[in-house]
Amino acid sequence: MNRKHILLVGGTGMLAGLASYLAIEHNVTVIGRNKEKMASVVQRNPETCHPLIVDYCDEELLSNALQRAVQKNGPFDRVIAWVHRGSGKAMQLILNHSETAEVIHILGSRANPEYEKRCLCFNEQQTYRQVQLGEMHELASVRWLTHDEIVKGVHDAIQNQDDYRLIGTRKDDVDVHSRND
């Protein structure tokens, strides 16, 4: 089996299920801050799930941790990154340590995908894709996506190699449709 080395940023929260799924066939380095949540994720696949306990807002610690992960398990083949807005240079640092990776950048519901992409510098060996989290409309109510819906949507985007994938709907899209009906 050809195991890829996958970096999963945010893999102890809403992407914990994705970490477990990917670690069945690949080496997965998971970045998270919470030791207890990390232990829960790693214990599901202890041989292939590798923890990096670091706050990605601390640029020096993040850079050092990424270097160690690459030295230990080889370069990242794929990066799946849920990096919150206002995190400084975290996403760019991740890109800088992932020179030949397929990068899947997970965006919040209010993010502007074009702006987010323009803020980053890529090299010609990187592939950049985006998955944006929306919301679910059910009858007369609106709700956030569940963790399972997010994991399924990200997994589908990986499988289909979508350049952009919206999971659920965006508020703007619903407003536009309701104005045109």
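Run down ASN2, ASN27 and say which single residue is over 21 Å from GLN92 (Cα atoms), at pLDDT below 95 and among the polar types (S, T, N, Q).
Just a single option satisfies the conditions, and that option is ASN2.
Those residues that are under 22 Å from GLY10 (Cα atoms) and among the small types (Gly, Ala, Ser), I need them from the range 111-151; list them, please.
Selection gives ALA111, GLY134.
Here's the yes/no breakdown for (1) without any contact (Cβ under 8 Å) to a residue 60 or more places away in the chain; (2) in contact with a Cys (Cβ under 8 Å, 6 or more places away or on another chain):
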position	(1), (2)
ILE24	yes, no
VAL28	yes, yes
GLY32	yes, no
CYS49	yes, no
LEU52	yes, no
CYS57	yes, no
ALA69	no, no
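Looking at LEU107, is it of a type in the set (A, V, I, L, M) and over 20 Å from ILE150 (Cβ atoms)?
It is false that LEU107 is of a type in the set (A, V, I, L, M) and over 20 Å from ILE150 (Cβ atoms).
Can you find a residue in the range 63-78 that is over 28 Å from GLU25 (Cβ atoms) and of a type in the set (Asp, Glu)?
no
Scan the range 111-141 for residues that are touching a residue at least 12 places away in the same chain (Cβ under 8 Å) and among the basic types (Lys, Arg) and jot them down.
Across the range 111-141, the qualifying residues are LYS117, ARG129.
Of the numbered conditions (1) at pLDDT below 95; (2) in contact with a helix residue (DSSP H, G or I) (Cβ under 6 Å, 6 or more places away or on another chain), ILE167 satisfies every one except a single condition; which is it?
Exception for ILE167: condition (1).
Return the residues of the range 74-89 that are modelled with pLDDT of 95 or more and not aromatic (Phe, Trp, Tyr); say none if nothing qualifies.
GLY74, PRO75, ASP77, ARG78, VAL79, ILE80, ALA81
Taking only pairs six or more apart or across chains, which ones have beta-carbon atoms under 6 Å, a first residue in the range 153-181 that is of a type in the set (Phe, Trp, Tyr), and a second residue that is at pLDDT 95 or above and surrounded by 13 or more Cβ atoms within 10 Å (Cβ to Cβ)?
So the pair list comes out as TYR164/GLN130.
Hey, can you tell me all the residues within the range 94-124 that are surrounded by 11 or more Cβ atoms within 10 Å (Cβ to Cβ), of a type in the set (Asp, Glu) and under 18 Å from ASP162 (Cα atoms)?
Once the filter is applied, which keeps residues that are surrounded by 11 or more Cβ atoms within 10 Å (Cβ to Cβ), of a type in the set (Asp, Glu) and under 18 Å from ASP162 (Cα atoms), the range 94-124 yields GLU102, GLU116.
From the set of residues in the range 101-145 that are within 18 Å of HIS84 (Cα to Cα), among the hydroxyl-bearing types (Ser, Thr, Tyr) and not in a helix (DSSP H, G or I), which is farthest from the chain's Cα centre (by Cα)?
Taking the candidates together, the pick is SER109.
If only one of TRP82, TRP144 is free of Cβ contacts under 8 Å to residues at least 12 places away in the same chain, of a type outside the set (D, E, K, R), under 25 Å from ALA16 (Cβ atoms) and surrounded by 13 or more Cβ atoms within 10 Å (Cβ to Cβ), which one is it?
Every option except TRP144 fails the conditions.
Residues checked against (1) of a type outside the set (Lys, Arg); (2) under 17 Å from the mean Cα position of the chain (by Cα); (3) more than 21 Å from LYS152 (Cα to Cα):
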{"site": "SER20", "(1), (2), (3)": "yes, yes, no"}
{"site": "GLU25", "(1), (2), (3)": "yes, no, no"}
{"site": "VAL28", "(1), (2), (3)": "yes, yes, no"}
{"site": "ILE31", "(1), (2), (3)": "yes, yes, no"}
{"site": "VAL41", "(1), (2), (3)": "yes, yes, no"}
{"site": "ARG44", "(1), (2), (3)": "no, no, no"}
{"site": "SER63", "(1), (2), (3)": "yes, no, yes"}
{"site": "VAL70", "(1), (2), (3)": "yes, no, yes"}
{"site": "ILE80", "(1), (2), (3)": "yes, yes, no"}
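Given LEU61, LEU8, LEU18, LEU52, which one is in a helix (DSSP H, G or I), within 16 Å of VAL79 (Cα to Cα) and of a type in the set (A, V, I, L, M, F, W, C)?
Of the residues listed, the single one that is in a helix (DSSP H, G or I), within 16 Å of VAL79 (Cα to Cα) and of a type in the set (A, V, I, L, M, F, W, C) is LEU18.
The values are calculated or read from the model by the stated rules, or taken from the named source; none is laboratory data. Quick caveat, the model's predicted, so the values are computed rather than measured. Positions of Cβ are backbone-derived with ideal geometry, glycine not excepted, and every protein chain shown enters the neighbour counts.
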